[in-house]
Amino acid sequence: MKKAWTAAVLAVTIGLAGAATLTKAGEVKFLDVNGHWAKSGIEQAVQKGYVDGYEDGTFRPDRNVSRAEFLKQAVTALKLEVAGAGSGNDWYVPYVNAAVNAGIHRYEDFTTGDWNTAITREEMARIAVRASGEKTDDDKKWLYLAAQSGLIQGLAGGALGETEATTRAQSVTVIERILTVKGGGKLEVDKYAVANAELFWHKTNIFTVMPEFTQKQHPAHPWDPNNLFVATPDGKYRGELEALIAIDLADPNDPHLGELPELRWYNGLDKGFPIEDYKDSYLVWFKGRTVFNTDHEIYQDWKILPSTIIGYIGPDFQDFSEGNLNTIANVYHKKLGDFAGFIVPKKGLETMGFISFDIYSPSIVPNPNYSKSLLQVTVPEAM
C-alpha cells in the first residue's frame, strides 16, 4: 500500500458526529454496553488503555473499526515500541511502522482500499495470528490458524464472515484473546469455525471433522486444493470438486446439515435407509460439478461429479441389506446417482489399510475411464 494516505483517515480517530474527546472507562459507565455480549471485554480493554469510550458516555460497540484503528489498538495493547508521533492525517504511521517492525503486519498486506477502510475479519485474523507467534506463507490459512487457536470464534453456525467488517466490540475481544495467548493461556475453540475455516483454507473440512480417518496422508496422494479435477485426455470432459465436506451425523448442530436434502443410504437392493437414523456415522459429500462435457456418446450426462471411496472391505451382505451399516455405502436423495455422497460408519469398518477418496469421468463402456485419487490416507484394518 502506498503511503499517500487520504485525508479521510482523520475520521478514524475523531469518531462520528463530533465526538472528538474520548473518555476513560474508569471515569464513566458506558451507556450502551449493558447487556452487550462484549461488555466485560470492553471494560477490560479500556482499563488497559488501548481503546477509549466517547465523550458522550458511549462506547459504540457495534461501530466498524478501520484498519488504522485496529492496528493502533493491537500495537498499544502489545506494548510495542512506537518511534515518534504522527501528525494530522498521518497520525497512524508510527503504529504501522511499529507493527511491521514487530512482524505482525507487512506494508503490502492491504491491496485494496486505504487505512480508513473497515478491517475485515480475515484481515484481523492475520494480524492476530502473527501477534500470537504463528506464521504461514499461505494467505488462505490465516483464518484456520486463528480459529484453531481460539483467536477467532465463528458467527452463527460457525460462519467465518471473512469479508465482513469488524466492530469495536469484536476488535477488543480478539485483542484480549491475543493477550491471553501471549500470557500462556488457553482459549475456547469453536469447532464449527475451525471446520469452516479449514474449508475456506483448502476446500475440505475432513481433517477437522474425521480426524480418526485422516491423521496419516499417503505421500503419493496428499490433499491438494489445486488438484481437485478430472480432465480426460481427449479434451471432451472436465469435472471439478468444489469442496469435500464431512458431516458428523451425531451432531444435530453441524452447520452443513441444513444444506442437504433428505438422504438415504443404498443397501444394494431396492430399499434405502434414512441416514438420520445412523448417528454414529459420517457423511462425506463430494460437492462438485461438470465444467464441460462435449461428447455424450462417450461420457454420460451426469448431474453430479462421479466420485467414490475405495479401500474398504465388502460387507456381510445379508446384514447390510437388512439395514446394518457395516461398511461404506452410497447415499442418494430420490434415486441412486442423484447425490455425490457416502455414509461412513465410525466403528466396525474393515479396510485394506487405506482409504482413498476419488473422482472419475462418467465414461460409457467400452470407452476408457479416467480417475484421480484426491486423497489417500493410511488407516487401521479394523476401525
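The value given for the chain is a Kirkwood hydrodynamic radius of 23.9 Å, derived from the mean inverse Cα-Cα separation.
Multiplying the residue separation of Asn367 and Trp37 by 0.36 nm and removing their Cα-Cα distance gives an extension gain of 112.7 nm. Here's how it looks for Asn227: its modeled amide H is under 5 Å from none belonging to a residue 5 or more places away or on a different chain. Projected onto their three principal axes, the Cα atoms of region 289-352 cover extents of 42, 27, 19 Å, largest first. Arranged from fewest to most other beta-carbon atoms within 10 Å of their beta carbon, Val189, Val75 become Val189, Val75. Just want to confirm a number: the relative contact order over the chain, from Cα pairs under 8 angstrom separated by 6+ residues, in percent. Relative contact order for the chain comes out at 12 percent. Model label sites at Asn324 and Leu269, defined 7 Å from Cα along the beta-carbon direction, differ in position by 1.4 nm. Computed from the Kirkwood radius of its Cα pairs, the Stokes-Einstein diffusion coefficient for region 203-378 at 4 °C and 1.567 mPa s stands at 77 µm²/s. Placing dummy labels 7 Å off each Cα toward the beta-carbon, the span from Phe317 to Thr112 is 5.6 nm.
Subtracting the Cα-Cα distance of Lys216 and Asn64 from their residue separation scaled by 0.36 nm leaves 50.5 nm. Need one word for region 207-267: rounded, prolate or oblate. Basis is the Cα gyration tensor (sqrt eigenvalues a ≥ b ≥ c); a/c below 1.5 gives rounded, then a/b vs b/c decides. Judged from the Cα gyration tensor, region 207-267 comes out oblate (a/c at least 1.5, b/c at or above a/b). When a/c reaches 1.5 or more, the comparison of a/b and b/c decides; with that in mind, is region 7-200 rounded, prolate or oblate per its Cα gyration tensor? Judged from the Cα gyration tensor, region 7-200 comes out oblate (a/c at least 1.5, b/c at or above a/b). Sorted ascending by nearby beta carbons within 10 Å, beginning with the fewest, Tyr107, Tyr360 become Tyr107, Tyr360. With 23 Å as the limit on Cα-Cα distance, the pairs of Lys48/Lys141; Lys287/Lys334; Lys216/Lys372; Lys279/Lys347; Lys135/Lys186 that go past it are Lys48/Lys141. In a fully extended conformation the segment linking Val291 and Glu259 would gain 9.3 nm over its present Cα-Cα distance, using 0.36 nm per residue.
Values quoted throughout were computed directly from the atomic coordinates according to the rules given, and no laboratory measurement underlies them. Computed from a predicted model, the values in this text were never measured in an experiment. Glycine also receives a Cβ, built like all others from the backbone with ideal geometry; neighbour counts cover every protein chain displayed.
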